[in-house]
Amino acid sequence: MANIVPKFGLGTFRLSGQIVIDSIKNALDVGYKAIDTAQIYGNEAAVGQAIAESKINRNELFITTKIWTDNYRADRLIPSLKESLLKLQTDAVNLTLIHWPAPSLGISVEEMMQNLLVAKQQGLTEHIGISNFNIELTQQAIDAIGLENIATNQLELSPYLQNQKLVNFLQSQQIDVTSYMTLAYGKVLNDPVLTQIAQQHQASTAQISLAWALQKGFSVIPSSTQREHLISNLKAQEIQLSNDEMELITTLERNSREVNPENLAPQWN
């Protein structure tokens, strides 16, 4: 069941227009094969355009999108995903996630997951999963549609937010963990501990943070608008941190969350 999600992908959060098009074209050019977007990012059409213009064969790519909270009900989920597919210029995406559990909307996890499962059964998406779910809600999702149908839980994870209890639960269930905000909006880049480890490896602190996440078994989706950073991020896969270095990074945990929208986020573990 594990490792459906490619280990390294390109995030597109907060990127739009020509900026996201250039980012994706550069990323595909230097060897990225996975791209992560979402309905709420407002950039699916630009992502689709970039992929089309890059001339990369669609079957070489892994495209993820996420259903926004307005579209969880049965009458909206499939139509909204079909709109996403039109924008992305593809017959199906590889992975579709419920973006936030949004408990205040009053839509049960069971309902949203069953609606998403229908999209998979209709061939609109190869895999389905969740994003920003805590342990309790993940268990509800498993109970609703079966563990075999949940490919990943995409979470904010960084050296400053390690969420170990939730990670342990997901890994015990063999649900892929996808880390977003792995650099905590750049806040970890000047961390003295990471700087010290980076010097040992003749690497950047960004590479060390990404290498840490990869060694924890996570998939990562850092975004970048600069070609040299895209290349540099990708090279994080070549870094092998020692057990001592991994332990040192564990001490950086400060439960510091960058993204926690009221009404959308769950009670975190």
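So the values come out like this:
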{"quantity": "Residue match in the range 118-128 (condition: open to solvent by 20 Å² or more (accessible area, probe 1.4 Å), among the polar types (S, T, N, Q) and part of a helix (DSSP H, G or I))", "calculated": "yes"}
{"quantity": "Residues of the range 140-155 classified as surrounded by fewer than 22 Cβ atoms within 10 Å (Cβ to Cβ) and touching a residue at least 24 places away in the same chain (Cβ under 8 Å), total", "calculated": "8"}
{"quantity": "Residues of the range 12-28 satisfying the condition of being open to solvent by 10 Å² or more (accessible area, probe 1.4 Å) and in contact (Cβ under 8 Å) with a residue 60 or more places away in the chain", "calculated": "13, 14, 15, 19, 22, 26"}
{"quantity": "Selection count, the range 208-232, where residues are under 23 Å from residue 20 (Cβ atoms) and touching a helix residue (DSSP H, G or I) at 6+ places or on another chain (Cβ under 6 Å)", "calculated": "9"}
{"quantity": "Hits in the range 115-135 (condition: out of contact with any helix residue (DSSP H, G or I) (no Cβ under 6 Å at 6 or more places or on another chain) and of a type outside the set (A, V, I, L, M))", "calculated": "120, 121, 122, 123, 126, 127, 129, 131, 132, 133, 134"}
{"quantity": "Count - residues of the range 157-171 that are outside any helix (DSSP H, G or I), over 11 Å from residue 213 (Cα atoms) and of a type outside the set (S, T, N, Q)", "calculated": "2"}
{"quantity": "Members of the range 243-259 that are in a loop (DSSP other than H, G, I, E, B), out of contact with any Leu (no Cβ under 6 Å at 6 or more places or on another chain) and surrounded by 12 or more Cβ atoms within 10 Å (Cβ to Cβ)", "calculated": "252, 253, 254, 258, 259"}
{"quantity": "Within the range 242-266, considering residues that are more than 22 Å from residue 103 (Cα to Cα) and β-branched (Val, Ile, Thr), the one farthest from the chain's Cα centre (by Cα)", "calculated": "251"}
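Listed here are the residues, each with its yes/no results for (1) out of contact with any helix residue (DSSP H, G or I) (no Cβ under 7 Å at 6 or more places or on another chain); (2) part of a strand (DSSP E or B); (3) of a type outside the set (Ser, Thr, Tyr).
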| residue | (1), (2), (3) |
| --- | --- |
| 35 | no, yes, yes |
| 52 | yes, no, yes |
| 81 | no, no, yes |
| 95 | yes, yes, yes |
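The values are calculated or read from the model by the stated rules, or taken from the named source; none is laboratory data. None of the values given here were measured: they were computed from a predicted structure. Ideal geometry is used to build each Cβ from the backbone, glycine not excepted, and the neighbour counts take in all protein chains shown. Heavy atoms of the whole protein, side chains included, go into the accessibility calculation; ligands, DNA and RNA do not. Shrake-Rupley method; radii C 1.70, N 1.55, O 1.52, S 1.80 Å.
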